[in-house]
Amino acid sequence: KVERTFIAIKPDGVQRGLSGEILQRFERRGFKLVGLKLIKVSEELAEKHYAEHRERPFFKGLVEFITSSPVVAAVIEGKGVVATARAMIGPTNPLNAPLGTIRGDYGIDIGRNIIHGSDSPESAEREIALWFTPEELLDWQATI
Ligand code: CMP
């Protein structure tokens, strides 16, 4: 089934110059970019995005980090993209992430794990609506 998922290259990924490399992995896998922007995340957006972690001890640090410098936010589309993008990203803790996954290849620690990807179709729908307006999502077909 053709689906959409949300990914965000976090401040550490952008600062380390990995944005292009990461987007390229998804493009080469055959996923289509339907939304893309560089944004300075507000505290309000960060708190909504990470609402499920509100009670965790690392919540404050998480919000501080994601709002600290620009993030590359994207929506990608393709068959099974929610699960496949998660597999390409790898486990939350880079120490457990296999080589060949984005976190396994580039991640340093659990709080600096390069990229976020929606964990389910329901999360994808919620996160896409939170980060993008409908006008920012483009429906387009390859013609070459
Ligand atoms: P992400 O996929 O963006 O979703 C929640 C984030 O919380 C996760 O990636 C990690 O960056 C962060 N996180 C999860 N567990 C911890 C932890 N124990 N300490 C610090 N950050 C964490």
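The values are calculated or read from the model by the stated rules, or taken from the named source; none is laboratory data. From a predicted model like this one, the values you see are computed outputs, not experimental measurements. A quick note on method: Cβ atoms are made from the backbone with ideal geometry, for glycine too, and the neighbour counts reach across all protein chains shown. Only protein heavy atoms, including side chains, enter the accessible area calculation; ligands, DNA and RNA are left aside. Shrake-Rupley method; radii C 1.70, N 1.55, O 1.52, S 1.80 Å.
Take the residues in region 21-34 that are outside any helix (DSSP H, G or I) and among the charged types (D, E, K, R); name whichever of them is least open to solvent (accessible area, probe 1.4 Å). Break it down into steps so the answer makes sense when it comes.
Residues of region 21-34 outside any helix (DSSP H, G or I): 29-34.
Imposing the further condition that a residue be among the charged types (D, E, K, R) reduces the set to 29, 32.
Details: R29: 120, K32: 40 Å².
The selected residue is K32.
Filter region 23-43 down to the residues that are of a type in the set (G, A, S) and under 23 Å from F65 (Cβ atoms) and list them by number.
Taking region 23-43 first, the residues of a type in the set (G, A, S) are 30, 35, 42.
Passing the criteria: G35, S42.
Taking region 66-122 on its own, how many of its residues are away from the ligand (no atom under 13 Å from the Cβ), touching a Gly at 6+ places or on another chain (Cβ under 7 Å) and in contact (Cβ under 8 Å) with a residue 40 or more places away in the chain?
Residues in region 66-122 being away from the ligand (no atom under 13 Å from the Cβ), touching a Gly at 6+ places or on another chain (Cβ under 7 Å) and in contact (Cβ under 8 Å) with a residue 40 or more places away in the chain: 3 in total.
With the requirement that a residue be more than 10 Å from the ligand (Cβ to nearest atom), within 19 Å of A129 (Cα to Cα) and not β-branched (V, I, T), what does region 37-65 give you?
Result: K37, L38, K40, S42, E43, E44, L45, A46, E47, K48, A51.
Give me the helices (runs of 4 or more DSSP H) completely within region 35-144, filtered to those with at least 2 residues that are touching a His at 6+ places or on another chain (Cβ under 8 Å) and open to solvent by less than 50 Å² (accessible area, probe 1.4 Å), ordered by residue number. It would help to see each step written out before you state the result.
Numbers: elements: 43-49, 59-66, 81-89, 102-106, 121-131.
Where helices (runs of 4 or more DSSP H) fall fully within region 35-144 and carry at least 2 residues being touching a His at 6+ places or on another chain (Cβ under 8 Å) and open to solvent by less than 50 Å² (accessible area, probe 1.4 Å), they are 59-66, 121-131.
Take the residues in region 1-20 that are open to solvent by less than 60 Å² (accessible area, probe 1.4 Å) and in a helix (DSSP H, G or I); name whichever of them is farthest from the ligand (Cβ to nearest atom).
Top of the filtered list is G20.
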